[in-house]
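*Asks:* Sharing a structure below in structure tokens format, with a few things to ask.
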Amino acid sequence: MVAQLEIARLGHRGDAIADTPEGPVYVPLALPGERVEVEREGDRGRLLAVLEPSAERVEPVCRHVGLCGGCSFQHWQSEPYRQWKRALVVEALAREGLEPPVAALVAAHGEGRRRATFHARGTGGSAPKGQDVLAVGFAGRRSHAVVAIDACPILAPSLAGALPAAWAVAQALAPVAKPLDIQVTATETGLDMDVRGSGPLKPARVAMLARLAGEHRLARLTRHGELVLQREPPVLTMGRARVALPPGSFLQATAEGEAVLAQAVLSAVTVAKAKHVADLFCGVGTFALRLAEIARVGAFESHAGAVEALAKAVRGTSGLKPVAAETRDLFRRPLLPMELKAFDAVVFDPPRQGAEAQARQLAASKVPLVIGVSCDPATFARDARLLVDGGYRLESVTPVDQFLYSTHVELVGVFRR
């Protein structure tokens, strides 16, 4: 059904909302104050035309807007977008009864995303026998269909060769019986690619992948984490250390985002003059390796490969204070108050689901300084409530925007006793 709607506001997931007698209708890519024409199906509306545009509407920077599901706000002016994103953090905290000082949103897109996961799907189109018509790109908006792309303006220049390499690898694996996920990370020694979803491969197909990896000058190509070809180890510098990344490593999305978050953590630790710091959910050492320049560090992470990479980086770097790296599942075995007594500061940077079990133990501890880093304001607010109920004061919160044009926002919160 085609309908004309007046947009009243934005929801926290980024969709514009029109209030109707039947209830709210959610319209992606519209803005408050606009009158729009939509194809309506239940409480969803697909934008057909903007009849009366907002003064805040701008021209998107990418031709795939409206099809690709990766960006939500290329059509919105910077300042109202930034205010809305900061408000996501304020509102999440308020729902938990918390009203700390919240700084202005810090822009951390920098040169762009240094890692991306492309999807490859067979389209079912006609092709010569034994071949497959492919789409390689990103998932469509609210869809499993893949929007084929040959360029993406939010990717860093260091990922320039990622899409051609992903297309070549996907074509080499055709016909694609199952969806492929192709994760590419830009490193200082070249692109690091991990392919998932291909299933077991015959030796001839592995040899073809190795040849393509060489042609596209990939630093490394792995399949489900298993090595296909490595020209040289994929390496990134963190602080003064150089880290050889394990396959499929988690990294902050942008180099600028990593730098902003790390500086916020270091500043809080420096002001507190902490001498022994725990880095929980430490990954490959984003914070631990920088913290080790000023304090002893205990680093804890469930991924054994990440812990090994961190330990190796420490051994290869002179001038760092001692770092004790341990493989530990902090969801099942959080550090207990007796263990936390050894530290005068704790940093925790959990996955999107937060760190509820660990937050409960921190709340029962006497650690004078806790710094929370999060990619989800709602789970951060839940964990912050536990810390505050345990006697901590949430001194400040800084929102960080490294996922430009998206609904995602990161933050750093500083807690003190």
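*Asks:* Yes or no: segment 179-190 includes at least one residue that is loosely packed, with under 14 Cβ neighbours inside 10 Å, among the aliphatic types (A, V, I, L, M) and either under 24 Å from the mean Cα position of the chain (by Cα) or assigned to a loop (DSSP other than H, G, I, E, B) (or both).
*Replies:* no
*Asks:* Additional query: Consider K341 carefully, then state whether it is free of Cβ contacts under 8 Å to residues at least 60 places away in the same chain and open to solvent by 30 Å² or more (accessible area, probe 1.4 Å).
*Replies:* In short, yes.
*Asks:* So T237 clears everything in (1) touching a residue at least 40 places away in the same chain (Cβ under 8 Å); (2) surrounded by 18 or more Cβ atoms within 10 Å (Cβ to Cβ) except one condition, right? Which one?
*Replies:* If we test T237 against (1) touching a residue at least 40 places away in the same chain (Cβ under 8 Å); (2) surrounded by 18 or more Cβ atoms within 10 Å (Cβ to Cβ), just (2) comes out false.
*Asks:* Residue check, L134 against (1) farther than 20 Å from C62 by Cβ; (2) at pLDDT 95 or above; (3) in contact with a Ser or Thr (Cβ under 8 Å, 6 or more places away or on another chain); (4) of a type in the set (A, V, I, L, M, F, W, C), all met but one. Which one?
*Replies:* Here L134 clears every test but (2).
*Asks:* Give S267, S249 a once-over and let me know the one that is surrounded by fewer than 23 Cβ atoms within 10 Å (Cβ to Cβ) and free of Cβ contacts under 8 Å to residues at least 40 places away in the same chain.
*Replies:* S267
*Asks:* For E293, are the conditions met, namely being open to solvent by 30 Å² or more (accessible area, probe 1.4 Å) and farther than 30 Å from L221 by Cα? Show your work before the answer.
*Replies:* Working: open to solvent by 30 Å² or more (accessible area, probe 1.4 Å): yes; farther than 30 Å from L221 by Cα: yes.
So E293 fits the description; yes.
*Asks:* Please tell me if V277 is assigned to a strand (DSSP E or B), under 23 Å from the mean Cα position of the chain (by Cα) and surrounded by 16 or more Cβ atoms within 10 Å (Cβ to Cβ).
*Replies:* no
Quick grid of which residues meet (1) more than 22 Å from the chain's Cα centre (by Cα); (2) closer than 30 Å to D150 by Cβ; (3) modelled with pLDDT under 95; (4) open to solvent by 20 Å² or more (accessible area, probe 1.4 Å):
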residue: G14; (1), (2), (3), (4): no, yes, yes, no
residue: D19; (1), (2), (3), (4): yes, no, no, yes
residue: L31; (1), (2), (3), (4): yes, yes, no, no
residue: R46; (1), (2), (3), (4): yes, yes, yes, yes
residue: S78; (1), (2), (3), (4): no, yes, no, yes
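*Asks:* Which residues, taken from segment 364-417, are touching a strand residue (DSSP E or B) at 6+ places or on another chain (Cβ under 9 Å), open to solvent by 10 Å² or more (accessible area, probe 1.4 Å) and of a type in the set (A, V, I, L, M, F, W, C)?
*Replies:* C375, V388, L394, F403, L404, V414
The values are calculated or read from the model by the stated rules, or taken from the named source; none is laboratory data. These numbers were taken from a predicted model, which means no experiment stands behind them. Note that we place each Cβ from the backbone using ideal geometry, even for glycine, and neighbour counts take in every protein chain shown. Side chains are part of the model used for accessible areas, which takes the heavy atoms of the whole protein and leaves out ligands, DNA and RNA. Shrake-Rupley method; radii C 1.70, N 1.55, O 1.52, S 1.80 Å.
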